[in-house]
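See structure below.
The values are calculated or read from the model by the stated rules, or taken from the named source; none is laboratory data. Computed from a predicted structure; not experimentally measured. Glycine also receives a Cβ, built like all others from the backbone with ideal geometry; neighbour counts cover every protein chain displayed. Heads up: the accessible areas ignore ligands, DNA and RNA and are worked out on the full protein's heavy atoms, side chains in. Shrake-Rupley method; radii C 1.70, N 1.55, O 1.52, S 1.80 Å.
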2 protein chains.
Amino acid sequence: MADLARELGVSMTTISRALSDHYSIGPEMKSKVLKLAKKYNYQPNRLASALRKGKSKLLGIIVPYIEGRFFPSVVHGIETAARKAGYNVIICQSHEDVAQERQNVEALLSAQVAGIMVSLARTTTQFTHLEKVQNRGLPLVFFDRSMEGEDVHAVVLDDQEGALLSTRHLLAQGCRRIAHLAGPQHLSIYKNRCRGYVEALREAGLPVEEELITYTDMTQPEGAAAMNAWLTSPNPPDAVFSAGDYCALGAMQEAERLGFRVPDDVAISGFSNEAFTTITKPTITTVDQRCEEMGQATVRLLLELIEAEGSTFAARQIVLRPELLVRESSLGQVAEPVTTRTKKR
Amino acid sequence: MADLARELGVSMTTISRALSDHYSIGPEMKSKVLKLAKKYNYQPNRLASALRKGKSKLLGIIVPYIEGRFFPSVVHGIETAARKAGYNVIICQSHEDVAQERQNVEALLSAQVAGIMVSLARTTTQFTHLEKVQNRGLPLVFFDRSMEGEDVHAVVLDDQEGALLSTRHLLAQGCRRIAHLAGPQHLSIYKNRCRGYVEALREAGLPVEEELITYTDMTQPEGAAAMNAWLTSPNPPDAVFSAGDYCALGAMQEAERLGFRVPDDVAISGFSNEAFTTITKPTITTVDQRCEEMGQATVRLLLELIEAEGSTFAARQIVLRPELLVRESSLGQVAEPVTTRTKKR
DNA sequence: TTGTATGCGTTATCAA
DNA sequence: TTGATAACGCATACAA
């Protein structure tokens, strides 16, 4: 900047203002400065700018992991929206570990991010590190995996609705003994999926049987183990609604290993619309989580908070509508189109 | 820092030195400072530090995308190694688009990263934006997708070796008419995989037939299209070596749609060890790319360059050995263990 | 419309 | 072993 100022015979103030498109600078001056900046290949130092202004153009993201389809898609939505608003993004993975998550928070604070978006690790049950963020006045938005029943900003899927749709669909296929592969209940997403399952059974006047709900960590092996237990029991289920696709996959593989046919002997549905659900044989019925929309909504909310500065906002929850994707793993005798899109309750 | 200095009745200089473990500070002083820092929950401002020192603790990563298994794994390897060395990481996606890649470079330069790791977009054929990075003296390391035949630092897989192993394996299964799904040849990875394929045929004394090599963009649909063309031709191949897993998947699905059995009528092998290759029926033979090692090696090389400051280094290429994973899609009549690990040529 | 002067939080230099 | 001071690159309050 100093070079440009010298070359044009003006002050650095003028240069600074011209580059940031300040109203007090004349158009000819502006274009002269911009042209020279191009020529010298001027690269603004965002660190210095952030230091001076007390606010950076960096946003922090903490996700449990970035494999699979869901989180990359959300991150993509976030990136796109953030870039449009002139922000860059630092992605951290907690690898489902609270300690790592804490470290990530520290790292992001140190990097002076303007705000943080977080999807909780499965092992996170204490939230002091996140409260610290809020106490600092740094905007914080949860997405997908939020804190249960707290006064926080969050963008989540209507998980209960998704589970309700999926279970109802299994009922419509003629299934009457529907089991549920549930996830860790301290995470609201899994609790809500369980609620939706229960709600659908109630609607249908069916009992909720404890031995038909198995709590797992949502991995493929645990899905297989649970399925094995059910199918070797005296009164096996005729359908399984899993709160996650990996777990559903494990269950399906185990069922076939045991000689059961899917969906004829036991129907299966998952949750998340992972990419592999269209590749397996049979393809797996699942619930789409509007990943891109979730990312965009998260950024939008965060930017609002950032722009609102300190003025405390009422905690806001944005709830997205899920979409049931019916595929082969759940199709019973009742005819139904292979893909239905459910828009409203 | 000022607060700490006031409270302890010393200067900020002392605080700064104590916190950065400077040798000139006595141990009692150090521990006093550290204790107080804990108490006040002091968070260093890395922006200010970076501004002053002219070097940040941020590394930039540019990847084409983060879906699937390969890039997340490499990124994980990078993150782990980087964190150990006290660095944080900014991940950018080019979405296979040069323009986006250029933007990413700008963003990272603006963020004053200490170095950049990049895996090229498929559409990148001009390299001015990356040369600019090097001309600035900013360390740059390519991984996986590097510039062809240039004088750059890079960590890559021995793609030719991987292709050689895979094609040799198909030959060992008794296949004699092996086709190749090739990728864009301006990317060295795909060129080398093609070379390995050709080398294996040569070794076996087989001709390289032009109609048995189809150039694709490595997507599932193009794999299906190419397979369709081959299997509906008068003299179809009895095996296909694909330079990528998605493309192999498309080819396999198309073969089955046309009534061919895999591997009996046509054997198939892919490349990358994507997660879905163990889920399909049959499971897909593929080549593992040592993702984590690649990430670690990339960081190690980059940190060496950073620590070496300006002192120009000889361009260095690190080549990792691939691993052939034999699965069902390629198993012919000849008996062979389901998983072989090949360590040397 | 433009310029002067000052400070953001940290560290390097020099002197004590 | 410690401290005073300047500087990193930029943005703004205030004066002109």
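Here chain B is scanned for chymotrypsin sites (Phe, Trp or Tyr not before Pro) in DSSP loops (not H, G, I, E, B) that have at most 13 other Cβ atoms within 10 Å, and the longest stretch holding none of them is B:24-312. The calculated P(r) of chain A, using every Cα pair and 10 Å bins from 0, goes 5, 23, 26, 19, 13, 7, 5, 2, 0, 0 in percent. For region A:75-172, carbon and sulfur atoms together expose 47% of the accessible surface, with a 1.4 angstrom probe and every protein chain in place. Solvent exposure of the protein assembly as shown, expressed per residue, is 43 Å² of accessible area, with all protein chains present and a 1.4 angstrom probe. Extension gain for the segment residue B:21 to residue B:43, taken as residue separation times 0.36 nm less the Cα-Cα distance, is 6.3 nm to one decimal.
Simple point charges give the picture: +1 on the Cβ of Lys and Arg, -1 on the Cβ of Asp and Glu, and for region A:219-274 a dipole about the Cα centre of about 100 debye. Pick from A:301, A:164, A:51: which residue has the top mean-square fluctuation in a GNM of chain A where Cα pairs under 10 Å get a spring? In this elastic network of chain A, the residue with the biggest mean-square fluctuation among A:301, A:164, A:51 is A:51. For region B:2-44, what % of the accessible area comes from carbon and sulfur atoms, probe 1.4 Å? Ligands and nucleic acids excluded, carbon and sulfur give 54 percent. Qualifying GluC sites (Glu not before Pro) in region A:57-130, where qualification requires a DSSP coil assignment and no more than 16 other C-beta atoms within 10 Å, comprise A:96. Eigenvalues of the alpha-carbon gyration tensor of region B:111-188, scaled by 5 and square-rooted, set the equivalent ellipsoid semi-axes at 35, 13, 9 angstrom, largest first. Normalised Debye scattering of region B:2-44 at q = 0.17, 0.19, 0.26, 0.34 Å⁻¹ gives log10 I(q)/I(0) of -0.36, -0.46, -0.88, -1.44, counting only Cα atoms as equal scatterers and leaving out solvent. Helix A:27-40 and the long axis of chain A differ in direction by around 70°, with both axes built from C-alpha atoms. Restricting region A:144-183 to GluC sites (Glu not before Pro) that sit in a DSSP loop and have at most 15 other Cβ atoms within 10 Å of their own Cβ leaves A:148, A:150. Strictly over 20 Å apart at the Cα level, which of A:39/B:132; B:55/B:84; A:30/A:57; B:55/B:132 would you flag in this model? Long pairs (Cα-Cα over 20 Å): A:30/A:57.
For the residues A:252, A:29, A:117, a GNM of chain A with alpha-carbon springs under 10 Å puts the largest fluctuation on A:29.
Considering only chain B, what is the antiparallel percent among its DSSP beta bridges, to the nearest 5? Of the beta bridges lying entirely in chain B, close to 10 percent run antiparallel.
Helix B:159-172 and the long axis of chain B differ in direction by around 30°, with both axes built from C-alpha atoms. For chain B, the longest principal axis of the Cα atoms and the long axis of helix B:291-307 meet at an angle of about 40 degrees. Stokes-Einstein diffusion for region A:81-139 at 10 °C, viscosity 1.306 mPa s, with a Kirkwood radius from C-alpha pairs, works out to 131 µm²/s. Charge dipole (Cα centre; +1 on Lys/Arg Cβ, -1 on Asp/Glu Cβ; no other charges) of region A:2-44 amounts to roughly 100 debye. When its C-alpha radius of gyration is set against 2.2 N^0.38 Å (N residues), region B:257-307 gives a value of 1.81. Taking 22 Å as the straight-line reach from the Cα of residue A:281, the lysines in range (excluding those fewer than 8 positions away in the same chain) are B:281.
For the protein assembly as shown, the residue among B:275, A:329, A:63 whose Cα projects farthest onto the positive side of the dipole built from Cβ charges is A:63. Adding -39500 (n - 2.57) for every DSSP H run of four residues or longer, then dividing by how many residues chain B holds, sets the calculated 222 nm ellipticity at -13000 deg cm²/dmol. In the protein assembly as shown, the convex hull through the Cα atoms has an average projected area of 36.7 nm², a quarter of its surface area. Taking chain B as a Gaussian network, Cα atoms linked when under 10 Å apart, which of B:52, B:195, B:168 shows the biggest mean-square fluctuation? Maximum among the listed residues: B:52.
The mean number of partner chain beta-carbon atoms within 10 angstrom of a residue's beta-carbon across peptide A:41-50 is 5.
Element breakdown for region B:244-326 at a 1.4 angstrom probe: carbon and sulfur atoms account for 51% of the accessible area. Just to be sure I understand: if you take the accessible area of chain B alone plus chain A alone and subtract the pair, with a 1.4 Å probe, what total do you get in Å², rounded to 100? Answer for the B-A pair: about 3900 Å² buried.
For the segment B:125-134, counting C-beta atoms of other chains within 10 Å of every residue's C-beta and taking the mean gives 0. 7 Å along Cα→Cβ for the label point: how many nanometres lie between residue B:215 and each equivalent label in the other copies, listed shortest first? Going from nearest to farthest copy, the values are 5.8 nm.
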